[in-house]
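Below is one structure, written out as structure tokens; comments come after it.
Derivation of every value follows stated rules applied to the coordinates shown; laboratory data play no part. Quick caveat: nothing in here was measured; it's all calculated off a predicted structure. For neighbour counting, all protein chains shown are included, and Cβ atoms are generated from backbone atoms with ideal geometry for every residue, glycine included.
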Amino acid sequence: MTSSALPPALALALILTAPLFGALAAMVTGRRGPAIALATVIATVAGILTLLVIIAGDGAFTLAIGGWEAPLGIQLRADGLAAGFIATTALVMGAILAIAGKPFGSGAQERRSAYTFWPLALLLWGALNAIFLSGDLFNLYVGLELLTLVAVALVGIEGKRETLAAALRYMMFALMGSLLYLLGAALLYAAHGTLDIALLATRVGNAPGDIVAAAAITAGLAAKTALFPFHAWLPPAHSGAPAPASAMLSGLVPKASFYILLRFWFEAAPDIAGTSVLMLLGGLGAFAMIYGSLLALHQDRLKLIIAYSTVAQLGYLFFVFPLAGGESAAQPWAAGAWSGAVFHALSHAMAKASMFLCAGLIIEAIGHDRLPGMKGIVRALPMTVFAFALAAITLMGLPPSGGFTAKYLMMTASFAAGQPFWALMLILAGLLAAAYLYRPLALAFALPDEDAPAPKAVSRARQAAPLVLALAAILLGILSAGPFAFIQIGRPGAAVEGLE
Amino acid sequence: MIASLFDLTLCLLILAAAGAAVFGRAAFMAVVFFIVYGILIAIAWLRLGAIDVALAEAAIGAGLTGVLLLAALARITRRIDAPEPSTGPDRTTLATALASLVIASAIAFAFLTLPEPQGLQERVAENLADAGAENPVTAVLLNFRGWDTLLESIVLLAALLGIWTLARDEAWGGRAGPRHVTRPGGVLAQFGRVLPPIGLLVGIYLVWAGSKQPGGAFQGGTVLAAVWIVTIMAGLMQAPRVADRALRAALVIGPVIFLALAVAGVVAGAFLVFPPVHAGWLILAVEAVLTLSIAVTLAMLVFGPPEEEEKP
Amino acid sequence: MSDLFTIVMTASGLVFFAAGTLGLIRFPDTHSRLHALTKADNLGLGLIALGLAVQVPGLADLFKLVLIWALAILAAGATAQLVARIAAPADLGEEPQSPPDETGDGETRRT
Amino acid sequence: MSSWYLLLATGLLLTIGGALWRVWRGPDQADRMMAAQLVGTGGVATILLLAAATGEWAMLDVALVLALLAALAAIAFVKSVRGAGHGDPEDEAQNDAARADEAPR
Amino acid sequence: MIAPSASLLYGLCGAALIGLGLYGFVVHRRLIRRVLAFNVIGSGIFLLFGASSYRDPAAGADPVPQAMIITGIVVALSATALALALIVAYARLAQSGALPEDAAPGADDEDRP
């Protein structure tokens, strides 16, 4: 599809290897973490820009690793969806790494967490990129395991009793999820002699093996995405880690397993989806949304509110399955629902990461994240509170944010499909998000208590990082036509309607 | 007929060992049963025509995992002796048993109704000449699906980083794990002297032979790691400091060279290619450095995070 | 001829293994079990390896057989001594070091 | 011959079954561990017979690895008795002095 | 009666192992037992996978699943090592081998006698 094979290969090689090289370098040198991270960002972003240009110009493409075509080898698949997730990840990682230089910088002596944070963060990035580009279910398994082990390590990086418990709880869910996924992959290979997603699409049918495999893969990935009832691990894990780690864990990590679910249900096994299964997934999502929101309302710590909000927000990602899968897949509204979910995943990644980074800065300033202590914090941290408010707009789904575009697309699809229940749930989700995010915001803008200790100053440069992310989430809404068209590139059965 | 008898007996033993590992009352007993189970599973792999997997299982499943479990158990039980919560056969365990039975039956049903096998034996055989390894499994691991293997070697490092993260801050930079003491000249110390030369030989042989017959970087690396572990447990050597540059270089050298090779493919407009002309020695070279990194990483996984406070 | 040799040797190898297992099951205390075990099963393995030695196709495989047996003896010798020290406190007048296996979780204790 | 080897191997599996019984009964940790050692040796012998039965002599490598690593678990076990898994299993009460400064906190 | 083939037997054995492990994983509260159960499930899946790729002994075992299984074994070992290290570190701080929600009331407070 491209005139020369060199630029696409170079772009993919940079995206796939730069974070891994960075991680290995950081593992050796120890105290150069921030500098290596900067170099990694530059190299990876160069690759991503090349990739975006290629995809926008010449369309989606695949690259057979080692020149071995499927089913023998592994195919890398670069389409609009992959590039969208990769670009968003790079933006979020860039902001996180920029802000992490202070808490995880090293002095004269190498420190434990300052050492391990950098290779872990870069490995997390490398794992995400590997997942987003992979077109092979077993290769995805290896990527997912890399991601999981790194994420568990990041949860436990504080080394306190509660965070270790959270890491262990997370690990137990994640291990079970991996095994289920692996079981499904094994059954699919046994039946069809390949794990390449494109080849599977033509081979997977409705045999018992395929159904058990699909069930296992879905359950496994749902556990990793913290879909209700597998959600219990998420809030303590995401809220217990240091802010930069939380931002990665909440904003990016669950998106990987959701992304594989999307690939699986819409590309590898589109024909297997029965209405009842898709309804169940959507229903669990609705349940997660309500449950997570209600618990978020009851939290008194900022990071816990944000973490429970993730349970809720991940919940309505799953509305995509009843709206765009199965019988709906051939319908005109499917593209809108699918794109809406992708928009939601991307804007949530930016907004949620921004919020956790804000929470981290607030903790830096006042020493804790208990709500009452946040009174009047806007005076000390105006940019941070502004970023938080912008991110909140996205999470509530108010215009003109990316979250609004997502909700608009999904609601339109929901009415078109004659399933208004999902639209109702989306409205409810927005209201609940407004409710649980109102409290911290209201307190931040309130008059500070007379006797409250003065917050510590936080540099403007560092406050800029979450602001950039929150602004990006808003921009995604304002400029939604471009990204909307872009993520459709290479989508099987891509349709044009949805955004008019 | 006799073959079936053997298979049936082996399956029953495997199930018995697994059942005891799951149901056994004492944790130590469960761990011992798990070690036994690993040995039996390795034999099962031989019956399934998978000698490479049997090697990996014998080295990892029966060997390293057992050591990890025993060491962890010793350190946990030293700290806790409180009776753990009962899990008698109440309603939840009954429901769990039922659910497990249903799931296992569903999987068995799915297995029994699998369509005609369409494996990749032929396709692998057709391309073996260009793959640089005569052993088809090695060809798949290093070449056809080399990206999996590259990521997997990094998974090991991720686990190690995770383990190092669990060190106490004061101990950071110090020697990995506790310091092992033994009586000089005792049985253990003697054994620790005799075993390593043999193990070194076997490990290197496995890597070298891996391109032609069963074996390879992971199996050989595991054996080498085991040798190092024995030497340290026998008190003949001390584990390296986690801050040691040489150690860290050894940990990453394999993945780094593999990654570099992957990037070099860009020149040909591809990713991770072994040019058929050079594939033979390239694969051997990659395997050699991978073995070193894998061996060091596996051993460090067993040693654990640094524990003693670093003396300035 | 060589087949006959193999059959006799491997069969007697199995007999020793069986004897070792019988001892493991029937002998009353840890120490005597240990004793029965290490002698019998290493002898059994040696006989089987010897029986197969006339069947292997190459010198390398013969060498491997020898190495396997040597390793087994070496490992069994060392571990038997080490375990015996732990398992036989009575002879040394020390308090028991190898606890009766109660490290467990007592998970079924109440049932 | 192949059937003969398999028959013998089946017999070996039965002796392994006997060892499993001892692992279950205990009563000491040492009993369990030594019974596991028997399974290891029996497993090595079984693999030798399987190699002979199938003519796949590459299986000997598996036996070699198993024999080489058989001692690993046993050493980890004897070490686990003292000092949270890193003490000296041969350390008797009278020569504790060397241990004093190595003792775990 | 048709003689059961090796692949059939080991495949069913794998399925049974998955069931056994699942039960153990859910029922046990001590984390180390869960890690054990995790490994039993894992090897059950591998056995099922390996058996399914050996259904036609004339064609030989498919090398691709073998390579995947070796990868899987190494990945499982990495996960096991990290999980065990976490459990040890947690036990050091909490004096418990189970997660707080699974520990018996008061079990956390009991020290070694």
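Annotations
- Per residue Cα convex hull volume in Å³ - calculated over segment B:1-80: 65
- Lys, Arg +1 and Asp, Glu -1 on Cβ, resulting dipole of segment A:1-133 about Cα centre, debye, nearest 20: 600
- The chymotrypsin sites (Phe, Trp or Tyr not before Pro) of segment B:179-246 include none that meets both criteria, a DSSP state outside H, G, I, E and B (loop) and at most 10 other C-beta atoms within 10 angstrom of the site's C-beta.
- A convex hull fitted around the alpha carbon atoms of segment D:2-83 yields 59 Å³ per residue.
- Charge context of B:Gly215, other residues only, Cβ under 12 angstrom, K/R +1, D/E -1: -3
- By DSSP, the beta bridges lying fully in the protein assembly as shown are antiparallel in about 90 percent of cases.
- Listed residue (B:Ala264, B:Thr231, B:Phe33) projecting farthest to the positive dipole end of chain B, Cβ model: B:Thr231
- Short to long, the 20 Å bins of the Cα pair-distance histogram for chain B hold 25, 54, 21, 0 percent of all pairs.
- Treating r as the C-beta distance of B:Ala125 and A:Leu475 and R0 as 60 Å, the FRET efficiency rounds to 0.65.
- Placing a pseudo-label 7 Å from each Cα along the Cα-to-Cβ vector at C:Leu59 and B:Ile257 gives an inter-label distance of 3.1 nm.
- Diffusion coefficient, µm² s⁻¹, Stokes-Einstein with Kirkwood Rh over alpha-carbon pairs of segment A:57-203 at 4 °C and 1.567 mPa s: 75
- Taking the number of Cβ atoms within 10 Å of each Cβ as an exposure proxy, the fewest-first ranking of B:Thr77, A:Thr40 is B:Thr77, A:Thr40.
- The protein assembly as shown: radius of gyration over Cα atoms, expressed as a fraction of 2.2 N^0.38 Å: 0.91
- Convex hull volume per residue, computed on the Cα atoms of segment A:135-272, equals 85 Å³.
- Positive end of the dipole of the protein assembly as shown (Cβ unit charges, origin at the Cα centre): among A:His192, B:Trp281, D:Leu50, the Cα lying farthest that way belongs to B:Trp281.
- The mean sequence separation of alpha-carbon pairs under 8 Å and at least six residues apart, normalised by the residue count of chain B, gives a relative contact order of 21 percent.
- The helix-only estimate of mean residue ellipticity at 222 nm for the protein assembly as shown, built from DSSP H runs of length n ≥ 4 each weighted as -39500 (n - 2.57), is -23500 deg cm²/dmol after division by the residue total.
- Our compactness index for segment A:282-500, the C-alpha radius of gyration over the empirical 2.2 N^0.38 Å, is 1.07.
- Look at the dipole of chain A built from charges on Cβ: of A:Leu428, A:Phe230, A:Tyr308, the Cα furthest out on the positive end belongs to A:Tyr308.
- At 1.567 mPa s and 4 °C, Stokes diffusion of segment E:6-94 via Kirkwood alpha-carbon radius, µm² per second: 92
- Across A:Lys303/A:Lys456; A:Lys160/A:Lys375; A:Lys102/A:Lys255, pairs whose alpha-carbon gap is larger than 23 Å: A:Lys160/A:Lys375; A:Lys102/A:Lys255
- The alpha carbons of segment A:1-133 occupy a box of 52, 29, 21 Å along the principal axes, longest dimension given first.
- Neighbourhood net charge (11 Å Cβ-Cβ; Lys/Arg +1, Asp/Glu -1) for A:Ala151: 0
- Annotation note: trypsin sites (Lys or Arg not before Pro) in segment B:174-269 located in DSSP loop regions with a Cβ neighbour count of at most 12 within 10 Å are B:Lys212.
- Paired Rg and Dmax values of segment B:134-312, which use every Cα atom, in angstrom: 18.0, 60
- Counting Cβ atoms of other protein chains within 10 Å of each residue's Cβ and taking the mean over peptide C:60-69 gives 5.
- Ratio of the Cα radius of gyration of segment B:124-213 to 2.2 N^0.38 Å, where N counts its residues: 1.63
- Reducing segment A:40-103 and segment B:18-46 to their Cα centroids gives an inter-centroid distance of 43 Å.
- Average projection area in nm² (convex hull over Cα atoms of chain A, one quarter of hull surface): 21.4
- Environment charge at A:Thr88 (Cβ cut-off 14 Å; Lys +1, Arg +1, Asp -1, Glu -1): +2
- Counting 0.36 nm for each residue step from A:Asp451 to A:Ala485 and taking away their Cα separation leaves a gain of 6.9 nm.
- Folded to 0 to 90 degrees: helix A:334-366 orientation relative to chain A principal axis, Cα: 20
- FRET efficiency, B:Val267 to A:Leu38 (Cβ-Cβ, R0 30 Å, nearest 0.05): 0.65
- Within the protein assembly as shown: Cβ-based charge dipole about Cα centre, in debye rounded to nearest 20 (Lys, Arg +1; Asp, Glu -1): 1740
- Between segment A:329-353 and segment B:275-311, the Cα center-to-center distance that results, in Å: 42
- Where labels lie 7 Å past Cα in the beta-carbon direction, separation of A:Phe415 and C:Ile7 in nm: 8.8
- At an R0 of 45 angstrom, the distance between the Cβ atoms of A:Lys160 and A:Thr275 translates into a FRET efficiency of 0.45.
- For segment C:2-92, the fraction of alpha-carbon pairs lying more than 21 Å apart is 40 percent, rounded to a whole number.
- By the Cβ distance rule (another cysteine Cβ under 4.7 Å), the unpaired cysteines of the protein assembly as shown are A:Cys358.
- Here the label points at B:Asp244 and C:Asp29, each 7 Å from Cα along the C-beta direction, are separated by 4.4 nm in the simple model.
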